[in-house]
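A.B. asks: Below are the structure tokens for one structure; questions will follow.
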Amino acid sequence: MNQVRTFSAVNDGHSSEVARILVVDDEEYMCDICTRTLRNASYEVVPTTNANVALQELREGGPFDLLLADIKMPTISGLELAKYAREIDPAIAIIIMTGHTSTENLRQAVQRGAADFISKPFELEELRLAVDQALHKRLLLQDSLRLRAVEQLLQSSEAINATLDRPQLSRVILQTALRQTACQTGFLFLVDSRNRLRKVRAADEVWHLLEAGRDAAHYALAKGQTFFIEDKAICSDGTNEITRGLAMPLRAQGDMVGVLLLCDNQPGVLRPGTHEVIALLANHAGIALRNAHLYGQLQHMYQRLQELDQLKSEFIAIASHELRTPLSIVLGYSMMVRDQSEGDQREYAQRVVDSAQRIKDIVDDMLSLRHLEMRETTLSINRCNLQHLVLQAVERMQPIAQSKAQEMTAELPEAPVTFLADREKILLVLGNLISNATKFTPEKGKIVVKAALWPGKQVLEVAQHTGGMADTAPTNADGPDETWIVMQVCDTGIGIPEHEQPRIFERFYQVAASLTRQQGGAGLGLAIVRELTALQGGLVWVESVEGQGSTFSFALPYRMEQNN
Ligand code: ADP
């Protein structure tokens, strides 16, 4: 007799090609002849003359594809056995052998779900035929049961995939598993960040998990396999215990994410076929749990980023306001001291003035960035001449370039170009870009400031195909058919690594290389450039090769004076 299994690996028997048949007849001669006939037909047969042994076989020796049972036996009738077999496997083929084919017997057999009956005495060929037909019906029934399960599973997986909230998802997974398996109760365990199993949810408040249930979940996780539990108290409601169940690991992309423990005193949970359905469900559940976990992490990080961004804004607001007044006092008095001193003392005072001025520049940048971000900056549109504008910006920065022996030139269209724009803001943008070019270009390097009219199509193509476009979209309807004014600052400096290019327009962002840091600055210039460009409906982008140089370009829609 088989040993009672407690923890054992799944073997659902479906892989075997040969059908297994349980033959039960208390008449030894009948049992033997049926067995021989079926074995001759190459079936695997387990014979018994004792209905109690047959019951045990069904429970522990299965799975069987067909039960061939005599209707009348001393302890348990063939119809009782059929009912039990059907509970274990709804698709099992059953043939009841009956001595007297009364209509009452037939009615009962149909009611109990017996697939067929055969009346004694029968020809051996008749038996073989009946078995073949019953097994064929079983295949059809199995298919339709699987189809129904898959249909239900699809509906469940919709529900499972519809939520990214982990507690809600755990509830849905348990509910779905219980519905699919008709189990009495269940528990869901999740693997935490330290690879430990945590019980997160019980299907209800009635049943409490016991040690054997927890052990089974740990086994399933450790072995990465489904484990059946029999004859061990898995959970209790205080009075009764559930002693059957299965623990199935939930996986996502090969990783264990949890374990599903299903419990039921009926043999249903151990039924072949049920386990296939739960395995499919477990796949969906594992992936959905992993998605929900990643989504949770993403949300948490996004929230932290937002908080950080908010902190930066508050810092800018406080620092710019609180530093301005004391800074003006320091600057004012140090200028006074400088003007009234001579020799070394004058030189020291000048250094104080220079440093205070540098701090004031940063504070001014902070303040103007804040105004821009709060949409408090307004445009003051006037008539501009492109050539004058660029030359003015170049002249302002020429002394700095000369101090580093850099050659700074302008390349401009020959015919004068006039347009409507906010002159001061364009000067600010150009000033920032040229200042960076001088800062990040070594001595004797070259800086060229270019301006030209470009077709909109070219602007959009170039800007969008570089990895370094600032995160601003044109705010107006200017598209590929319009003309744009493009200004560019090209240098032969240190360049910017490709992966850093998309980030340099963020406030406070500086490229990590030490050479950059040595140049001072607070990482605000390009953020201001981005905001100023966006304010005028323009685009800004960078093309750069590390070690060779950078070209910063900004484009504004070309607005001409109305001729009326
Ligand atoms: P900063 O005040 O630090 O110059 P910016 O916002 O103007 O701040 O620039 C951000 C970062 O972008 C700089 O710290 C530098 O790393 C990089 N960068 C800007 N312009 C250039 C350039 N022309 N060449 C190389 N790197 C540059």
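Derivation of every value follows stated rules applied to the coordinates shown; laboratory data play no part. Remember, predicted model here, so these are calculated numbers, not experimental data. Here Cβ is always computed from backbone atoms with ideal geometry, including for glycine, and neighbour counts include all displayed protein chains.
A.B. asks: With each label point set 7 Å from Cα along the Cα-Cβ vector, what nm distance links PHE508 and ASP32?
C.D. replies: 9.3 nm
A.B. asks: Quick check: pseudo-label points 7 Å beyond the Cα along Cα→Cβ at VAL545 and PHE315, how many nm apart are they?
C.D. replies: That separation, rounded to one decimal, is 3.6 nm.
A.B. asks: Between GLU424 and TYR295, what is 0.36 nm times their sequence separation minus the Cα-Cα distance? Round to one decimal in nm.
C.D. replies: Working: separation 129, 0.36 × 129 = 46.44 nm, distance 4.54 nm.
That pair, GLU424 and TYR295, stretches by 41.9 nm at full extension.
A.B. asks: Just to verify a number: FRET efficiency for HIS136 and GLN225, C-beta to C-beta distance, R0 = 51 Å, to 0.05?
C.D. replies: Values: r = 33 Å, r/R0 = 0.65.
Here the calculated transfer efficiency is 0.95.
A.B. asks: Here's something else I'd like to know. Give the order of PHE187, PHE117, PHE122 when sorted by the count of other beta carbons within 10 angstrom, beginning with the fewest.
C.D. replies: On the way: PHE187 26, PHE117 19, PHE122 13.
Final ranking by Cβ density, sparse to dense: PHE122, PHE117, PHE187.
A.B. asks: Could you list, in their original order, any pairs among LYS360/LYS439; LYS312/LYS457; LYS312/LYS446; LYS199/LYS223; LYS83/LYS120 whose Cα atoms are separated by more than 25 Å? Numbers along the way, then the final one.
C.D. replies: Numbers: LYS360/LYS439 19 Å; LYS312/LYS457 37 Å; LYS312/LYS446 35 Å; LYS199/LYS223 18 Å; LYS83/LYS120 21 Å.
Long pairs (Cα-Cα over 25 Å): LYS312/LYS457; LYS312/LYS446.
A.B. asks: Something else: Could you give the distance between the Cα centres of the range 53-104 and the range 195-238, to the whole Å?
C.D. replies: Taking the Cα centre of the range 195-238 as reference, the centre of the range 53-104 is 33 Å away.
A.B. asks: With a 10 Å Cβ neighbour count serving as the proxy for reagent exposure, in which order, fewest first, do SER355, SER193, SER380 appear? Don't skip to the end; give the middle numbers.
C.D. replies: Values: SER355 13, SER193 6, SER380 10.
Neighbour counts put them in this order, fewest first: SER193, SER380, SER355.
A.B. asks: What FRET efficiency comes out for the pair SER144/TYR302, r = Cβ-Cβ distance, R0 = 45 Å, nearest 0.05? Working shown, then result.
C.D. replies: Numbers: r = 47 Å, r/R0 = 1.05.
My answer for the efficiency is 0.45.
A.B. asks: Search the structure for amide H atoms under 5 Å from the amide H of SER119, placed 1.01 Å from N in the peptide plane, and list their residues when 5 or more places away or on another chain.
C.D. replies: So SER119 has HN proximity to THR98.
A.B. asks: Sorting LEU428, LEU261, LEU281 on the 10 Å Cβ count, fewest up front, what's the list? Can you show the working numbers first?
C.D. replies: On the way: LEU428 17, LEU261 29, LEU281 25.
Fewest-to-most ranking of LEU428, LEU261, LEU281: LEU428, LEU281, LEU261.
A.B. asks: Could I ask something else about it? With a point put 7 Å past each Cα toward its Cβ, work out how far HIS371 is from GLU151 in nm, to one decimal.
C.D. replies: Modelled inter-label distance: 7.0 nm.
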